[in-house]
């Protein structure tokens, strides 16, 4: 564990983690994923410098409010959530704003993003929604992986 608590800002000497959550892929009824568990999984890699949850235009106000209450910046997109998430994560990687890229998804489309981050010296973490929601391609492309049960 990173040593973070709910009331701390974390140790700034810890690696800076960018946590990017693919909402439509993670927050499905069949996975029963709790955003607190996703945040905790990301915090295992260091200080959460950014916590972003990407949702499409069909997201309910209750989901948006719950995510914000758990410390996530909610990004709503009318287009493809994957594209917006990948572009934003790439910006964090190339500007050296993060030391660790944590992707919470089961979507294999993020494999090139993990590989690009690694080429730029950024450690990677794949967070999966349960054993049945895990992408082996993401897990194998990342330096580390966590499966939320």
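Tabulated values for the structure
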read-out	value
Part-to-part distance (alpha-carbon centres) for segment 117-149 and segment 55-96, which is given in Å	19
Amide N of segment 92-119 lying under 17 Å from the label point, which is placed 7 angstrom from the Cα of residue 77 along Cα→Cβ	92-94, 102-117
Rg(Cα) / (2.2 N^0.38 Å) computed for segment 83-149, rounded to two decimals	1.02
136, 13 arranged by Cβ crowding within 10 Å, fewest neighbours leading	13, 136
Spin-label zone in segment 53-74 - amide nitrogen under 15 Å from a point set 7 Å from the Cα of residue 36 along the C-beta vector	66-72
Cα gyration tensor shape for segment 1-123, rounded if a/c is under 1.5, else prolate or oblate	oblate
Neighbour-count order for 147, 50, fewest beta carbons within 10 angstrom listed first	147, 50
The chain, helix-only ellipticity at 222 nm - DSSP H runs n ≥ 4, -39,500 (n - 2.57), divided by all residues, nearest 500	-9500 deg cm²/dmol
Residue-span extension gain [residue 90 to residue 108] - 0.36 nm each, minus C-alpha spacing	4.8 nm
Ranked list, fewest to most other Cβ atoms within 10 Å of each Cβ, for 116, 26	116, 26
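Just so you know, all these numbers are worked out from the coordinates, no wet-lab data involved. All values reported here derive from a predicted model rather than from experimental measurement. Positions of Cβ are backbone-derived with ideal geometry, glycine not excepted, and every protein chain shown enters the neighbour counts.
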